[in-house]
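Notes for the one structure printed next.
The values are calculated or read from the model by the stated rules, or taken from the named source; none is laboratory data. This one's a predicted model, so the numbers in the text were calculated from it and none came from an experiment. Cβ placement follows ideal geometry from the backbone for every residue including glycine, while neighbour counts extend to all protein chains displayed.
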Amino acid sequence: MSELPKAAVVRIAKAAGAERIGEDAAEELVKAVEEYAAKLAAKAAAIAKNAGRVTLKADDVKLAQ
């Protein structure tokens, strides 16, 4: 079970230029986005921890990209 709603990911894909998205493609997009978000959050958390904080800030996320 995914954490992200499939409809939100489909909207992002359509905004990026996809006219139609198959059900299997939407599921794969959700998986890929969740993996990317998890990796990004882990990097941002490490940056915050290195700065002596437990709260993530927007700058942590920007640096983690």
task: Quick one: count up the residues across the range 1-55 that are closer than 22 Å to GLN65 by Cα and not in a helix (DSSP H, G or I).
output: 8
message: under 19 Å from LEU4 (Cβ atoms), in contact with an Asp or Glu (Cβ under 8 Å, 6 or more places away or on another chain) and of a type outside the set (Phe, Trp, Tyr): is that true of ALA25 in this structure?
response: no
query: Taking LYS39, is it under 23 Å from ASP59 (Cα atoms) and at pLDDT 95 or above?
result: yes
query: Quick check: anything in the range 26-33 surrounded by 11 or more Cβ atoms within 10 Å (Cβ to Cβ), without any contact (Cβ under 8 Å) to a residue 60 or more places away in the chain and touching a Leu at 6+ places or on another chain (Cβ under 7 Å)?
result: yes
- prompt: Which ones in the range 56-65 are surrounded by 12 or more Cβ atoms within 10 Å (Cβ to Cβ) and assigned to a helix (DSSP H, G or I)?
  reply: ASP59, ASP60, VAL61, LEU63, ALA64
